[in-house]
Amino acid sequence: DFLIWHASLKKSACALGSEEINCTKSPSDLHNPSSTASVEITPTVDVVVNVCTEYKVCTLDPSGIESEDTWVPLRTTFVQKLSLTGGPNGRISRGDEVVQLEML
């Protein structure tokens, strides 16, 4: 949500002592426009890790001619999704772990 992002950025700038930012609190910084409850801002970082590796599936008895010895080239991609949550109760949440296999 843009308002939460904006309030977080403004709060960080005020904490750093920025003189260019008006650090007085406005209602839009303190409240969610759809309710009167205050907005709690929790910093998070979403991470996606992709690791690609290429392999050649070969015969056990190679003749020395690569085109005849290689049965199929493969590419594997390992995908790991993480979410890092900050604050006093920060944690790491792991999502899907997927291995994609592609014949080249």
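Counting the residues of the range 76-104 that are open to solvent by less than 60 Å² (accessible area, probe 1.4 Å) and either part of a helix (DSSP H, G or I) or farther than 30 Å from Thr42 by Cβ (or both) gives 2.
Scanning the range 47-60 for residues that are surrounded by 11 or more Cβ atoms within 10 Å (Cβ to Cβ) and either under 8 Å from the mean Cα position of the chain (by Cα) or not in a strand (DSSP E or B) (or both) yields a count of 1. Screening the candidates Gly64, Gly95 for the property of being within 14 Å of the chain's Cα centre (by Cα) and without any contact (Cβ under 8 Å) to a residue 24 or more places away in the chain yields one hit, Gly95.
Rundown of residues vs (1) at pLDDT 70 or above; (2) in contact with a Phe, Trp or Tyr (Cβ under 8 Å, 6 or more places away or on another chain); (3) aromatic (Phe, Trp, Tyr); (4) open to solvent by 70 Å² or more (accessible area, probe 1.4 Å), yes/no style:
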residue	(1), (2), (3), (4)
Glu20	no, no, no, yes
Lys25	no, no, no, yes
Ser35	no, no, no, no
Pro62	yes, no, no, yes
Leu74	yes, yes, no, no
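His6 meets each of the listed conditions (1) part of a helix (DSSP H, G or I); (2) at pLDDT below 70; (3) open to solvent by 90 Å² or more (accessible area, probe 1.4 Å) apart from (3).
The values are calculated or read from the model by the stated rules, or taken from the named source; none is laboratory data. Since the model is a prediction, treat every value here as computed from it, not as a measurement. Positions of Cβ are generated from backbone atoms using ideal geometry, with glycine treated the same way; all protein chains shown enter the neighbour counts. Keep in mind that these areas ignore ligands, DNA and RNA; they rest on the heavy atoms of the full protein, side chains included. Shrake-Rupley method; radii C 1.70, N 1.55, O 1.52, S 1.80 Å.
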